[in-house]
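**Student:** Take this structure first; my questions come after.
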Amino acid sequence: MIDLRDLEAADSKQLLAWRLEPEVDRWMSAPGPSNSAQHQRWFTGLLADPDRRGWVITSAAEPVGFLLLSGLRGAHRRAEWGWYIGEAKARGRGAGRAAQALGLDRAFHELEVDRIWSEVLADNDVALRAQAAAGFRREGYLRGHVRKDERVHDVVILGFLKREWMERRRVVWEGLIRSGLSAPRSSL
């Protein structure tokens, strides 16, 4: 079963290892931390910041990835969305699909945001397909928006509205339950 659990202080080391993993780092807009002290400052700030909320994605109670919402305190009730599967053995097995559904439920119900948006590097076909499958819609394209590793990258802007999630929520959860990625939910 896939689940989300709140971040704990002990998760810092695992998040740093994942963030420095080449398959994770290559799809991030920002460069990875240059040292563990820099990462620890970011992580400590994340835990203390009411404008951001992060979760560890788990599979069978083992950590496999990370999901983050930022901008939660704004007047517009929207948040920026980002996630990754850090454990290679968990990629392509539905963990991301289930984690997105869990994250959308938390964002739209627990945190009461009305809109989620994300920036995805335009050549990250896996993330673009995964987010489209969850229900994200393409809303924009920023040419030459990110400079990373001596290259300039285009970025796709994706968005998801609460009402859209409410329209597809039941079907998504039923599929996750049938596939064994989630336990039955009483709130459907």
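The values are calculated or read from the model by the stated rules, or taken from the named source; none is laboratory data. Computed from a predicted structure; not experimentally measured. All Cβ positions, even for glycine, are placed from backbone atoms using ideal geometry, and neighbour counts span all protein chains on display.
**Student:** Tell me whether region 24-31 contains one or more residues that are within 21 Å of ARG168 (Cα to Cα), among the acidic types (Asp, Glu) and modelled with pLDDT under 95.
**Tutor:** Within region 24-31, the subset within 21 Å of ARG168 (Cα to Cα) is none.
No: zero hits.
**Student:** Among the numbered criteria (1) within 19 Å of HIS153 (Cβ to Cβ); (2) of a type outside the set (S, T, N, Q); (3) assigned to a helix (DSSP H, G or I); (4) in contact with a helix residue (DSSP H, G or I) (Cβ under 6 Å, 6 or more places away or on another chain), which one does GLY32 miss?
**Tutor:** Evaluating GLY32 over (1) within 19 Å of HIS153 (Cβ to Cβ); (2) of a type outside the set (S, T, N, Q); (3) assigned to a helix (DSSP H, G or I); (4) in contact with a helix residue (DSSP H, G or I) (Cβ under 6 Å, 6 or more places away or on another chain) leaves (3) as the failure.
**Student:** Could you please give the count of residues in region 136-188 that are closer than 20 Å to ASP3 by Cβ and either in contact with a helix residue (DSSP H, G or I) (Cβ under 6 Å, 6 or more places away or on another chain) or not polar (S, T, N, Q) (or both)?
**Tutor:** Let us first name the residues in region 136-188 that are closer than 20 Å to ASP3 by Cβ, namely 165, 169-170, 172-188.
Among the residues that remain, those that are also either in contact with a helix residue (DSSP H, G or I) (Cβ under 6 Å, 6 or more places away or on another chain) or not polar (S, T, N, Q) (or both) are: 165, 169-170, 172-178, 180-185, 188.
Looking only at that region, the number is 17.
**Student:** Against the definition (buried (at least 16 other Cβ atoms within 10 Å of the Cβ), in contact with a strand residue (DSSP E or B) (Cβ under 7 Å, 6 or more places away or on another chain) and modelled with pLDDT under 95), how does ALA107 come out, yes or no?
**Tutor:** Values: buried (at least 16 other Cβ atoms within 10 Å of the Cβ): yes; in contact with a strand residue (DSSP E or B) (Cβ under 7 Å, 6 or more places away or on another chain): yes; modelled with pLDDT under 95: no.
No; evaluated as a whole, the condition is false for this residue.
**Student:** Another question about this same structure. Name, by its number, the condition in (1) of a type outside the set (Lys, Arg); (2) touching a helix residue (DSSP H, G or I) at 6+ places or on another chain (Cβ under 9 Å); (3) over 21 Å from LEU111 (Cα atoms) that does not hold for ALA79.
**Tutor:** Result: ALA79 passes all but (3).
**Student:** So GLY54 passes all but one of these: (1) in contact (Cβ under 8 Å) with a residue 12 or more places away in the chain; (2) in a helix (DSSP H, G or I). Which condition number does it fail?
**Tutor:** In the conditions (1) in contact (Cβ under 8 Å) with a residue 12 or more places away in the chain; (2) in a helix (DSSP H, G or I), GLY54 misses (2) alone.
**Student:** Any residue in region 165-183 that is touching a Pro at 6+ places or on another chain (Cβ under 6 Å), surrounded by 11 or more Cβ atoms within 10 Å (Cβ to Cβ) and modelled with pLDDT under 95? Show your work before the answer.
**Tutor:** So the first thing to find is which residues in region 165-183 are touching a Pro at 6+ places or on another chain (Cβ under 6 Å), and the list is 177.
Checking which are surrounded by 11 or more Cβ atoms within 10 Å (Cβ to Cβ) leaves us with 177.
The next check asks that each one be modelled with pLDDT under 95; those that pass are 177.
Yes: one or more hits.
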